[in-house]
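The values are calculated or read from the model by the stated rules, or taken from the named source; none is laboratory data. Please read all numbers here as calculations on a predicted model, not as lab measurements. Note that we place each Cβ from the backbone using ideal geometry, even for glycine, and neighbour counts take in every protein chain shown. The accessibility values were calculated without ligands, DNA or RNA, using every heavy atom of the protein model including side chains. Shrake-Rupley method; radii C 1.70, N 1.55, O 1.52, S 1.80 Å.
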Amino acid sequence: MDAGRRERVLAAAVAAGLLGAEQVAAGFLDVDGVRESVGELRTAFGAAPVLHTFAVKAAPLVPLLRLLADAGMGCEVASPGELAIALAAGVPVGRIVLDSPAKSAGELAQALDLGVAVNADNLQELARIAELVEDASTRSVLGLRVNPQVGVGSIGAMSTASEHSKFGVPLRDPGARKRVVAAFERHPWLSRIHVHVGSQGCPLDLIAAGVREAWELAEEVNERAGRQQVSTLDLGGGLPVNFQDEQVRPTYAEYVAELGAAVPGLFDGRYGLVTEFGRSLVAKNGFTAARVEYTKVVGGRRIALTHAGAHLATRTVFMPDAWPLRVSVHRPDGVRRLSGEEPQDVAGPCCFAGDLVARGRTLPRIEPGDLVVLEDTGGYYTSAPWGYNSIARPAVHGFSTAGGGVRFATVRRRQTPAEVVAEAGGDRPDALTGLDSPGDPG
């Protein structure tokens, strides 16, 4: 989203009362941009037989999932909550994939009953699935996640194909590959191999190396079986996002080209494919705006005290070098400030000293009542806030500029104080004091 269009949307949001003295923070999602990103993904894969799913963790918002479902996408879910959100959005069960390293027996039974695809994380979980499958038939496509152990990107916490990753069955540990092949021989209904090398900080060649390991494993399993037992490869997601400027890089076309070069047989039509992109579809199609309440000078440096902090930009606050965000400054009416630059801190409202989304950043001089914009936050930021200090979740609004003008639709309304209290056990204030005497344990 270019700066001029973002400024126009912000000004329209102020005029519509979506931001101001009472609406102190909000997230905004670009509907036109999301649709365009989905189109670019589909174009990149061309005629390949592929199911594109959206990683719900990136933006667990029912209206957004409905928008993506209308564009033909499915969902990758990693919890009962994410599954419920996907179902509420009307995503067909045949387009839902369940991934998680710690699925309970109840979660697995529900998924198998619904017909949701399941990727087992480990051989113990696979044994649990086998017991459930024996008890009842299922429409679910069943797969096994493997860890190709191909290395680590620049952000270790986001790299899931390291030597000691908690995800999947390791392929390079002594005897592990043999055990995986044997598991496929024991379970003829096991028809999918899942791999996910990582996301932010993982270069394309590392991701492609992991996919090649999965493809080679599928070839080995099928040769041993004398048939195409593995019919689908789940490639995971994890395309990195450029947070440094407006440019989209790498592109989906570059990703597919890298895969084609590393795994020439991947696109020959013998395997169905699944993708699980999240951040790359939405990050650059959204921004967060927050009001500046006060400014002060401390130690000779100006600090803006805003309503955008760790509760909305958790990763950026705690790992600023790995997750830096671009920040722009706007007047109360939404018009961007461009002059009077000086080093400043942009601080949030959370009660700890490190609650800073920008440190010593050269920005136009920020004044009380201004709006700060955290750019490229369409995923993992406002859509999935942290409840620190019991700060109310902000509203999230979608917008479109197609056909001229700016039109808004509220995706998630702002959380009320009553709802904050309800989540804090407000319906049972005497629960603990009542333990002193016998009574109703509920």
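Taking the criterion of being in contact with a Cys (Cβ under 6 Å, 6 or more places away or on another chain) and hydrophobic (A, V, I, L, M, F, W, C), would at least one residue in region 263-279 satisfy it?
No - not one qualifying residue is present in region 263-279.
Which of the residues belonging to region 49-80 are open to solvent by less than 40 Å² (accessible area, probe 1.4 Å) and either modelled with pLDDT under 95 or assigned to a helix (DSSP H, G or I) (or both)?
Hits for region 49-80 are Val56, Ala58, Leu64, Leu65, Leu67, Leu68, Ala69.
Which members of region 304-319 meet the condition of being farther than 17 Å from Glu375 by Cβ and buried (at least 18 other Cβ atoms within 10 Å of the Cβ)?
Within region 304-319, Leu305, Ala310, His311 qualify.
If I filter region 321-337 for residues that are of a type in the set (Lys, Arg), over 23 Å from the mean Cα position of the chain (by Cα), surrounded by fewer than 17 Cβ atoms within 10 Å (Cβ to Cβ) and within 14 Å of Ala289 (Cα to Cα), do I get at least one hit?
Checked against the condition, which is being of a type in the set (Lys, Arg), over 23 Å from the mean Cα position of the chain (by Cα), surrounded by fewer than 17 Cβ atoms within 10 Å (Cβ to Cβ) and within 14 Å of Ala289 (Cα to Cα), region 321-337 yields at least one hit.
Where the second residue is open to solvent by less than 50 Å² (accessible area, probe 1.4 Å) and in a helix (DSSP H, G or I) and the first is within 18 Å of Val34 (Cα to Cα) and lies in region 1-13, which pairs have Cβ atoms under 9 Å and are six or more apart or on separate chains?
Met1/Val9; Met1/Gly33; Met1/Lys284; Met1/Asn285
Given the criteria part of a loop (DSSP other than H, G, I, E, B) and either modelled with pLDDT of 85 or more or surrounded by 24 or more Cβ atoms within 10 Å (Cβ to Cβ) (or both), does Gln149 qualify?
no
Rundown of residues vs (1) out of contact with any strand residue (DSSP E or B) (no Cβ under 7 Å at 6 or more places or on another chain); (2) under 20 Å from Tyr380 (Cα atoms); (3) open to solvent by less than 40 Å² (accessible area, probe 1.4 Å); (4) part of a loop (DSSP other than H, G, I, E, B), yes/no style:
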residue	(1), (2), (3), (4)
Gly106	yes, no, no, no
Ala130	yes, no, yes, no
Val133	yes, no, yes, no
Ser165	no, no, yes, yes
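So which of Gly168, Gly175, Gly94, Gly72 ends up being without any contact (Cβ under 8 Å) to a residue 12 or more places away in the chain and out of contact with any Leu (no Cβ under 7 Å at 6 or more places or on another chain)?
Gly175
Among the listed residues Arg227, Arg301, identify the single one that is open to solvent by 60 Å² or more (accessible area, probe 1.4 Å), under 22 Å from Asp321 (Cβ atoms) and either touching an Asp or Glu at 6+ places or on another chain (Cβ under 9 Å) or at pLDDT 95 or above (or both).
After applying the criteria, what remains is Arg301.
Results for (1) among the acidic types (Asp, Glu); (2) buried (at least 20 other Cβ atoms within 10 Å of the Cβ), shown as yes or no for each residue.
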| residue | (1), (2) |
| --- | --- |
| Leu363 | no, yes |
| Tyr380 | no, yes |
| Pro385 | no, yes |
| Ala392 | no, no |
| Thr410 | no, no |
| Arg413 | no, no |
| Ala418 | no, no |
| Glu423 | yes, no |
| Asp430 | yes, no |
